[in-house]
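Notes for the one structure printed next.
Laboratory data are not the source of any read-out in this text; all were calculated from the coordinates shown. From a predicted model like this one, the values you see are computed outputs, not experimental measurements. In this analysis, Cβ positions are derived from the backbone assuming ideal geometry, glycine residues included, and neighbour counts consider all displayed protein chains.
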Amino acid sequence: MSDNFGRYFVNAIVAGLIGRIATVVKDEIEKAKQEISKKLQRIGIGVGLVIGAGIFAFFMVGVFIAAAILGLSEVWPAWLAALTVGGALLLIVLLLAGIGSALIKKNKDLTPHEQIDNIKSTVGMSSSQ
């Protein structure tokens, strides 16, 4: 009889501990969800502000381009000033597009070769197999 009592007692303690641990884990997961939700909301606000800044920057660039044309038109005819600023902008566009295109071509293969080789060497497979 006492042998069964000890077994039931240990089982009850273990079941109670497991239940308590499960409750704590569920509570912590719920708190983590709430924390992530708050952070995502703040990230969304931040993204909106950055987009707003980008819109203002777009118009600001237009104003600076107009100012450059007006400034150059003091020493050159207006058509030549506009053509010069347009040519400078064309050079910038071509330079950025060329660099961007080269980066895309260089990195278009998305296979993580280094990590695959690391995994193979960790597992014991050589890259020659």
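Here are some notes:
- Among the numbered conditions (1) loosely packed, with under 10 Cβ neighbours inside 10 Å; (2) among the small types (Gly, Ala, Ser); (3) in contact (Cβ under 8 Å) with a residue 12 or more places away in the chain, the only one that Ala82 does not meet is (1).
- Filtering Phe5, Phe9 for residues that are surrounded by fewer than 10 Cβ atoms within 10 Å (Cβ to Cβ) and more than 30 Å from Ile92 (Cα to Cα) leaves a single hit, Phe5.
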